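To start, the structure under review is shown below, and the notes come after it.
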Amino acid sequence: MTSATNSMLNRREFVPTALRGAAAVLAAALFAAPSRSQQSDRVKALGAKLFCACSCGQILTACNHVGCTYSTKMLQELNDRIARGDSDDVILQSFVQEYGQTVLAEPPAKGFNVLVWVLPVVLPIVALVFGWGMVQRWRERASLTPASAGVAVNPELLARVHRDAGDSDE
């Protein structure tokens, strides 16, 4: 009878213990889910700052190049570094060290790269100012020069025009 009693106690203890274990696993899954979604959001944000290294010219998270081995490797590397708790700047710098400056979707505003940021704004403004100045100079020249100045008209042709037009004021 003791073995039957022990098995009953074990069954009685098993159900609450199993429920507690299931509740603990469920709670861990619920608390772990937000961190995974936060990490995936962070992966998306950092992946949008990087180009895929396969030369397809697409953002890392949007690379749909068939058979691309770089994007899966780079995304896994990005996930691993985020899981380690590296900061965004450290992660981006490590990718630059491994793949070069061309991996960055937007170049840093330092040195020669400043031109990439400045020229698209400055060149159209300079072109507009230059064009406006050219139009002003053309207008000044047109208003200063009379229409008949310096043009020699052949008197025979002028007489012929007056004769054909019927002018009597010659």
TODO: Sort out which residues of the range 65-114 are of a type in the set (Gly, Ala, Ser) and in contact with a Phe, Trp or Tyr (Cβ under 8 Å, 6 or more places away or on another chain), and write them in order of number.
DONE: 105, 109
Open item on the list: Can you pull out every residue in the range 94-108 that is small (Gly, Ala, Ser) and either under 17 Å from the mean Cα position of the chain (by Cα) or surrounded by 11 or more Cβ atoms within 10 Å (Cβ to Cβ) (or both)?
Closed with: 94, 105
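All of the numbers you see were taken from the coordinates with simple rules; none came from a lab. Being a predicted model, the structure only gives us computed values, none of them experimental. Positions of Cβ are backbone-derived with ideal geometry, glycine not excepted, and every protein chain shown enters the neighbour counts.
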